[in-house]
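What follows is a set of notes on a single structure, which appears directly below.
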Amino acid sequence: MYTNETPKRQRLDSKILKITELQHEAIEKMINYRNDFAHFKPRGLSVILESEEWIVKEVVDVIKFLALESRNVTYFDEGNISRVKQFLELFKF
């Protein structure tokens, strides 16, 4: 089991995530949408509008980097990485 006291291991060949201001803003907006949805209170509906697709694109770019390029995710089966790639390809921008 992993706890906060468990030492974290980082691969020597891993890449560091460097997010842009736009990605940071998109992540913050996505967190707000998530919180509004998860902690629903009857009021106006919050949805991501077509004019805000950039939010999803920026967040997906960060996820894609972390999942496929950072080398910090270990895939024990080629099928797993194939499914991740296939899923991320669903987001066409």
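Placing a pseudo-label 7 Å from each Cα along the Cα-to-Cβ vector at K18 and L68 gives an inter-label distance of 2.1 nm. The distance between label points at V56 and R83 comes to 2.2 nm (points 7 Å beyond Cα on the Cα→Cβ vector). Listed by Cβ neighbour count within 10 Å, with the fewest neighbours leading, K29, K15 appear as K15, K29. For V73, no residue 5 or more places off, or on another chain, has a built amide H under 5 Å of its own.
Using θ = phi - 60° in the Karplus curve 6.51 cos²θ - 1.76 cosθ + 1.60, the 3J(HN,Hα) couplings for the range 14-31 round to 6, 9, 8, 6, 10, 9, 7, 4, 5, 5, 4, 4, 5, 4, 4, 5, 5, 4 Hz; x is entered for Gly and Pro. Sorted fewest first by neighbouring Cβ atoms within 10 angstrom, E53, E21 come out as E21, E53.
Bear in mind that the values in this text are calculations on the coordinates, not laboratory data. Keep in mind that this is a model prediction, so the values were computed, not measured. Please note: Cβ atoms are built from the backbone with ideal geometry, for glycine as well, and neighbour counts cover all protein chains shown.
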